[in-house]
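*Asks:* Here it is: the structure, laid out below.
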């Protein structure tokens, strides 16, 4: 649901400082100040990020849960041992302190997102409506005493997702990111399992109640998901661009069927694919030659072959 003024996130209208606590930790929030980080001299977060709930990468997909990931260090920057020296502050404890645990917003800037009146708080899984938006989540760590109990020493930080929320669309192994035009999408990840499989890029996908035309394959499409099992891929006519390193390292990729007229192919997009790969290109004349030239510049071995098909 949409939330109004939240202590610690928005510019507060109170004339006095807002005070709230967590396990004895007292946090003072000055009036009319946006808070996106609450620090402590004895403990700090290191390398905080948001990850998804099933393979722990940083792609956040609608319909899945989001988790905070971090390490903790002491005042000297020395790494502390998880569960022995420190623990995570739980979501319920964060909520009890008056902070929004997680929400989504159109803004990439933390302070703008915190003041965004249209941001939406959510529980559990990322809602479909968050597609194309950024996820924000409070992540906090707390020092433990010798008996393993939480102390009053904790540090909080509002973390933004690395990328905008993606969606599975109506596929099983591809995810899609919203393009800047807000009307079309690109392939963000191809979950390239270790076992052999053939990939077929969709022409259109349905996300929520809306259909989107697929116009490109993004940077690091395979690296975003991992695996080397893909043996063939069919790229439909609507795909105009392939991002940098999109298929890099796909050592078993032997057959690439290109049905359209590619306009751009990123650096090293096909580097490391099978040395005897065959590109079947549905084009003729100058369009065929242009496509071949783009692919040759994308890191393929000299031993790959090209075939014009009607």
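The values are calculated or read from the model by the stated rules, or taken from the named source; none is laboratory data. What you see is a predicted model; the values in this text were computed from it and never measured. All Cβ positions, glycine included, derive from the backbone under ideal geometry; neighbour counts span all protein chains shown.
*Asks:* Anything in the range 220-239 that is at pLDDT 95 or above and within 23 Å of the chain's Cα centre (by Cα)? List them, or say none.
*Replies:* The one that is at pLDDT 95 or above and within 23 Å of the chain's Cα centre (by Cα): 239.
*Asks:* Between residues in the range 88-103 that are closer than 16 Å to residue 65 by Cα and residues that are in a helix (DSSP H, G or I), which pairs lie under 7 Å by C-beta distance while being six or more apart or on different chains?
*Replies:* What qualifies is 101/91; 101/94; 101/95.
*Asks:* Evaluate the range 246-262: report whether one residue or more is under 18 Å from residue 290 (Cα atoms), modelled with pLDDT under 95, surrounded by fewer than 16 Cβ atoms within 10 Å (Cβ to Cβ) and out of contact with any strand residue (DSSP E or B) (no Cβ under 6 Å at 6 or more places or on another chain).
*Replies:* Taking every residue of the range 246-262 in turn, at least one turns out to be under 18 Å from residue 290 (Cα atoms), modelled with pLDDT under 95, surrounded by fewer than 16 Cβ atoms within 10 Å (Cβ to Cβ) and out of contact with any strand residue (DSSP E or B) (no Cβ under 6 Å at 6 or more places or on another chain).
*Asks:* May I ask you to say which residue of 217, 242 is closer than 16 Å to residue 277 by Cβ and modelled with pLDDT of 95 or more?
*Replies:* 242
*Asks:* Next up: Could you please find all residues in the range 276-287 being at pLDDT 95 or above and either surrounded by fewer than 18 Cβ atoms within 10 Å (Cβ to Cβ) or within 16 Å of residue 221 (Cα to Cα) (or both)?
*Replies:* Once the filter is applied, which keeps residues that are at pLDDT 95 or above and either surrounded by fewer than 18 Cβ atoms within 10 Å (Cβ to Cβ) or within 16 Å of residue 221 (Cα to Cα) (or both), the range 276-287 yields 276, 278, 280.
*Asks:* Of the conditions (1) touching a strand residue (DSSP E or B) at 6+ places or on another chain (Cβ under 9 Å); (2) surrounded by 16 or more Cβ atoms within 10 Å (Cβ to Cβ); (3) in contact (Cβ under 8 Å) with a residue 40 or more places away in the chain, residue 205 fails just one. Which one is it?
*Replies:* (3)
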